[in-house]
Amino acid sequence: TLDELGPNWSNYFISVIPVEITYLEPQEARDLLRHPDDTFPLTYELGIIDKIIEITHCHPYLVQLLGSSLVVSANLAETHEVDFHLLQKAIDKAFISGEPYFKNIWLEFTGVSSNEVKAGQKILSNLAKGIQPVSTPDETDFQEALARLKRYHIINTEGNKYIFEVPLIELWVQKNIEI
């Protein structure tokens, strides 16, 4: 958020109006994947688009990243039909080409101070292992990291449990961080 840029942020962004951008509607994500332009040739095996919507949670950047990776993977495979095998290849490619995004979550969205970052990374690592984060009320770094991860839509609560809001981010943590 702009307030995290410090007291002088307005000198850099004089006419900025902060707007929170969250998720696409599922139909918008479907349209983007099926028809990014009028001559788009790819077709999808039944269930592929629903799977993409599920794992990206309709996050605009991640839908675009995965869609782009699908096109590259389909071109390399010389096919116009996306199946689940090709989707897995595209996910692997997306983790590579989208690495700056995922690392930014891991290094920046987890906290402000080094102790907060460590606490936030531990929260994400534990969630990726299926372990719920537990803290005592006096653990300020933990509480701050938890609040930050929720504010940035990295994690959320479902019932009385914490979950990754976007399953693709959880997959990246599982695959790329020693947990």
- Item | Failed item in (1) closer than 16 Å to Y152 by Cβ; (2) exposed (fewer than 15 other Cβ atoms within 10 Å of the Cβ), with E78 passing the rest | (1)
- Message: Yes or no: the stretch 1-8 includes at least one residue that is assigned to a helix (DSSP H, G or I), in contact with a helix residue (DSSP H, G or I) (Cβ under 6 Å, 6 or more places away or on another chain), under 19 Å from Y152 (Cα atoms) and without any contact (Cβ under 8 Å) to a residue 24 or more places away in the chain.
- Response: yes
- Message: Give me the residue from the stretch 164-179 that is over 13 Å from H59 (Cβ atoms) and open to solvent by less than 50 Å² (accessible area, probe 1.4 Å) and, out of that set, farthest from the chain's Cα centre (by Cα).
- Response: I177
- Expected single match for open to solvent by 60 Å² or more (accessible area, probe 1.4 Å) and not in a loop (DSSP other than H, G, I, E, B) among D50, D37 is D50
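Residue by residue, here is whether (1) in contact with a strand residue (DSSP E or B) (Cβ under 6 Å, 6 or more places away or on another chain); (2) touching a residue at least 40 places away in the same chain (Cβ under 8 Å); (3) assigned to a loop (DSSP other than H, G, I, E, B) holds:
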{"residue": "G120", "(1), (2), (3)": "no, no, no"}
{"residue": "S125", "(1), (2), (3)": "no, yes, no"}
{"residue": "I131", "(1), (2), (3)": "no, no, yes"}
{"residue": "S135", "(1), (2), (3)": "no, no, yes"}
{"residue": "A145", "(1), (2), (3)": "no, no, no"}
{"residue": "E170", "(1), (2), (3)": "yes, yes, no"}
- Quick count over the stretch 95-115, residues being within 20 Å of the chain's Cα centre (by Cα), without any contact (Cβ under 8 Å) to a residue 40 or more places away in the chain and not in a loop (DSSP other than H, G, I, E, B), is 8
- Message: Quick check on the stretch 133-163: of everything there that is polar (S, T, N, Q) and surrounded by 14 or more Cβ atoms within 10 Å (Cβ to Cβ), which residue is nearest to Y61 (Cα to Cα)?
- Response: N156
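The values are calculated or read from the model by the stated rules, or taken from the named source; none is laboratory data. Remember, predicted model here, so these are calculated numbers, not experimental data. Every residue, glycine among them, receives a Cβ derived from its backbone with ideal geometry; neighbour counts consider all protein chains shown. These area figures cover heavy atoms from the full protein model, side chains too; ligands, DNA and RNA do not enter into them. Shrake-Rupley method; radii C 1.70, N 1.55, O 1.52, S 1.80 Å.
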